[in-house]
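Asks: Sharing a structure below in structure tokens format, with a few things to ask.
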Amino acid sequence: MGIIYKLTLRYLKKNKKRTRATILGITCTMIILTTISLFTNTLMGMIRESIREDQGSWHLIFHDLDQEQYESLKENKKLCNVSETECEECEPDAGLCVAAEMKNVSWRMFARTQKIGKKIGMEQLPEEEWRRLPYRETGKYNITYHIELLEYYGLNDETSMSVGGIINVIVAMVMLMGCVLIYNAYSISTFEKLRYLGTLGSIGASKFQRISVVYWEGILEGLVGIPVGIGAGILLTNGIVKWLEN
């Protein structure tokens, strides 16, 4: 395997133009992918923080509870920051309104919180008052979800389709562009590569060894292009975020 590595390295040095073009294509693709991913997560985090400051950090509110049910919620391991809160829509003689946050915010939280309501003995709403929740869940208990906050965790069907869909389209376009760049770089000297591989075959190199040269070429170029692209993407994202904050 050592001789294959040396042959690959020699081939890359001999064809510097194509090698640089390929590494540049890999680097540019990784810069854009890293920037899109990090910037999207950072932007979503900034929006979530803004909503918390304006509306509170609660994820859900349990309505019409008694003291025993309230204590049960405080002991529940899936919840945190459980506390009483005031609800304008509640009647004066209604039970306690209890705000809480989920320790693990995921698409399963809607089903889990409905099970929590059942577990602590909440009274089920009349069937005509049941609500459709995201991810085909049914709200059978009087629980209010902070949808405006949760949708920026990607937990709202419509928001997930719109924001997530746009991001997926952009990522797909970037990957396609990167593939075209890399393909063009590999096509620059196809004739030389075929001749080089033919030369290896004429001196006794097996088919596996010739294929290994191609794989090693991609690995070595990726080892240079991918880390550089990720690092540059992180620096670019940090620069954009600081510029937006200022």
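Asks: From the list Asn81, Asn41, which residue is surrounded by fewer than 16 Cβ atoms within 10 Å (Cβ to Cβ), not assigned by TED's automatic domain parsing to the domain that holds Met173 and not charged (D, E, K, R)?
Replies: Exactly one residue qualifies, and that residue is Asn81.
Asks: Still on this structure, I have one more. Kindly evaluate Lys115 against the criterion of being charged (D, E, K, R), more than 27 Å from Thr42 (Cα to Cα) and surrounded by fewer than 18 Cβ atoms within 10 Å (Cβ to Cβ).
Replies: yes
Asks: If the requirement is being farther than 23 Å from Leu155 by Cα and not in a loop (DSSP other than H, G, I, E, B), which of these qualifies: Gln69, Gln114?
Replies: Every option except Gln69 fails the conditions.
Asks: May I pose another question? Within the set of pairs 6 or more residues apart or between chains, which connect a residue that is under 19 Å from Leu235 (Cβ atoms) and in a helix (DSSP H, G or I) inside segment 37-48 to a residue that is at pLDDT 80 or above and among the charged types (D, E, K, R) with Cβ atoms less than 6 Å apart?
Replies: Qualifying pairs under 6 Å: none.
Asks: Oh, and also: Applying the selection to segment 12-38, what residues are surrounded by fewer than 19 Cβ atoms within 10 Å (Cβ to Cβ) and among the β-branched types (Val, Ile, Thr)?
Replies: Ile36
Asks: As an exercise: evaluate Ser106 against (1) touching a residue at least 40 places away in the same chain (Cβ under 8 Å); (2) part of a helix (DSSP H, G or I); (3) farther than 24 Å from Ile219 by Cα and give the number of the one condition it does not meet.
Replies: Of (1) touching a residue at least 40 places away in the same chain (Cβ under 8 Å); (2) part of a helix (DSSP H, G or I); (3) farther than 24 Å from Ile219 by Cα, only one is false for Ser106: (2).
Asks: Another question about this same structure. Out of all the residues in segment 34-56, is one or more in contact with a Leu (Cβ under 7 Å, 6 or more places away or on another chain), at pLDDT 85 or above and under 30 Å from Ile226 (Cα atoms)?
Replies: Checked against the condition, which is being in contact with a Leu (Cβ under 7 Å, 6 or more places away or on another chain), at pLDDT 85 or above and under 30 Å from Ile226 (Cα atoms), segment 34-56 yields at least one hit.
Asks: Among the strands (runs of 3 or more DSSP E) contained in segment 128-246, which hold 1 or more residues that are modelled with pLDDT under 85 and among the basic types (Lys, Arg)?
Replies: none
The values are calculated or read from the model by the stated rules, or taken from the named source; none is laboratory data. Owing to the predicted nature of the structure, the values given are computational and were not obtained by experimental measurement. Cβ sites come from the backbone with ideal geometry, for glycine too, and all protein chains shown count toward neighbours.
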